[in-house]
1. Do we find that Thr476 is at pLDDT below 90, of a type in the set (S, T, N, Q) and either closer than 23 Å to Ile354 by Cα or touching a strand residue (DSSP E or B) at 6+ places or on another chain (Cβ under 7 Å) (or both) in this structure?
2. Out of Leu373, Leu397, Leu403, which single residue is farther than 23 Å from Ile318 by Cα and of a type in the set (A, V, I, L, M)?
3. What are the residues in the range 431-461 that are at pLDDT 90 or above, open to solvent by 50 Å² or more (accessible area, probe 1.4 Å) and in a loop (DSSP other than H, G, I, E, B), if any?
4. Which residues, counting only those in the range 514-536, are within 18 Å of Asp496 (Cβ to Cβ) and surrounded by 15 or more Cβ atoms within 10 Å (Cβ to Cβ)?
5. Looking only at the range 239-252, which residues are in contact with a Ser or Thr (Cβ under 6 Å, 6 or more places away or on another chain) and open to solvent by less than 40 Å² (accessible area, probe 1.4 Å)?
6. For Ala417, state whether it is open to solvent by less than 30 Å² (accessible area, probe 1.4 Å) and of a type in the set (A, V, I, L, M).
7. Strands (runs of 3 or more DSSP E) wholly in the range 267-364 with at least 1 residues that are within 25 Å of Arg390 (Cβ to Cβ), touching a Pro at 6+ places or on another chain (Cβ under 9 Å) and open to solvent by 10 Å² or more (accessible area, probe 1.4 Å) - which ones?
Amino acid sequence: ASEELEDLNPFNRANGRVSRAPGNEGGQEVGCERGKPPAQRWQQGRPRAVVAGGAGSAAGPRRKRVRLSARCSGGASGPGPRAGAAGGGRGDGSRACCPVGLCCDFSPFPLLRHLWAVVVLLTDSCSQEPAFPAVSAPALPSAVLGPVDLEAFCASASHRYDAVIIWGFPWCRKEWCAAGEDIRKVDLSRNLLSSWDDVIDIADQLKDLEVLNLSENKLEFPSCSTSLIGTFSALKVLVLNRTGITWAEVLRCAPGWPVLEELYLGSNNICISERPVDVLQTVKLLDLSSNQLIDENQLFLIAYLPRLEQLILSNIGISSIHFPDAGIGCKTSLFPSLQYLVVNDNQISQWSFINELDKLQSLDTLSCVRNPLTAGSKDSQTTRQFIIARIGQLKTLDRCQILPEERRGAELDYRKAFGNEWKKAGGHQNPDKNRPNEEFLAAHPRYQFLCQKYGAPEDGELKTQQPFILKNQLLTLKIRYPDQLDQKVLEKQLPDSMTIQKVKGLLSRLLKVPVSQLLLSYESPKMPGREIELENDQQSLQFYSVENGDSLLVRW
């Protein structure tokens, strides 16, 4: 059993000891670069994690597969927008320098098949010395069939380690006080913790605890909050995903989190039943993902949290929102500090939802993917442009920065796309006559502002694009001869793409007059008394805005 434990120790692997795990009888080293002596391999990648295991009950065999990997203590410990990736990484984004990263199946080892504890202590710096030098492999458990002595581990590592991650561990209430001054991050997710009292026992001994992950523990929470004051005095990040906690229990425990900044409550079937009063006032990030019972009325109960900057509402089934305290073009007093909003995987299908987001005072980042409004659109780029145009202060959309050039193009295209609808609703280029109805203003709250910013759209911009077939490109024109009153007025159909030079050629053959002597102009019923010269032979009729029913004037 000692030899098997020695093989599992990453310290021994990094010093060149050969693994004797099943499937590796040939002596190939695991986790180290081949072809280099052990000393070079140690310098290239020092182990940064120590693994300890103990035995459980003598019940029947059960396979337990545990993946071990090193994480730098600078990485985030909880899920969410700023969390580190699985497997960990350095705080600067690079991967940890570690030759471990293995997948251990303990079932082949008879004495370890009931493994119930895996403890990983992480360094906060790349020391030149081997990690965890005070504990050798044979001494990892006090006895092969006994529990792991957590106090001894913490005491040995207290001067250099600041995070503990535990998997598959029914808590045994060992003392942590030896390392309590240095440990700031603890991950107890996916364990068999059943009571919040056990969590308090841990927190009482970790006075500097800042990050705590309790996800996927079915916890029983206290019925009163009097004993919680001061327990988590330094806690800034708390992850309670899939713990079965209710909103009432959150508010009951919240007085014990006086400086909490990030709270993750995903997948708990939470129903927000009351407004937080004198609690959660320091929270900057709140994750309510996958709580299908939440609706827009419940969101108003958390809308007065003064420091809430990031709100994650993915997969809660929301389809609409309305801020009743703000009219068209006004800002709401709700969510005063909200900058970052995630509403992915919901039922948003109406543009009115996007219009309401423009009422938020501070919103500059939005993620809105996999909604009927965005996923069902054939032209995703047009949808993106419309969202940008409808939310004036937005700087980032779906993780892509919005540059000034993109915003200008999006707003101009939006102004043009709904120009005809604006005119039908009462819009006009003349400011004194520009009075679109309330229905249009409700559907397009920023349209009037865009007209002030870029000017009202001209009639030429609002021409409906016809399908590109020849009959839609033909102009029916009347050909008149102002100086030749005896000439009969003709009616011809000409393509709008026909150049002035070709029109002159046609008339030259028709009138038996040299092309060089022909002078062309036109007049339109829309502009009576005004004659426009067609002076450039290389331009087309379309260039001069010649339309159906216009009169082509010919002189020579």
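The values are calculated or read from the model by the stated rules, or taken from the named source; none is laboratory data. It should be emphasised that the depicted structure is a prediction, and the values quoted were computed from it without experimental measurement. All Cβ positions, glycine included, derive from the backbone under ideal geometry; neighbour counts span all protein chains shown. For accessibility, only protein heavy atoms count, side chains too; no ligands or nucleic acids. Shrake-Rupley method; radii C 1.70, N 1.55, O 1.52, S 1.80 Å.
1. Yes, satisfied.
2. Leu403
3. Result: Arg435, Asn437.
4. Leu520, Ser521, Tyr522, Glu523, Ser524, Ile532, Leu534, listed by residue number.
5. Restricting attention to the range 239-252, the residues satisfying the condition of being in contact with a Ser or Thr (Cβ under 6 Å, 6 or more places away or on another chain) are 239, 241-242, 247, 252.
Across the range 239-252, the qualifying residues are Val239, Asn241, Trp247.
6. On the way: open to solvent by less than 30 Å² (accessible area, probe 1.4 Å): no; of a type in the set (A, V, I, L, M): yes.
So Ala417 does not fit the description; no.
7. In the range 267-364, the matching strands (runs of 3 or more DSSP E) lie at 310-312, 340-342.
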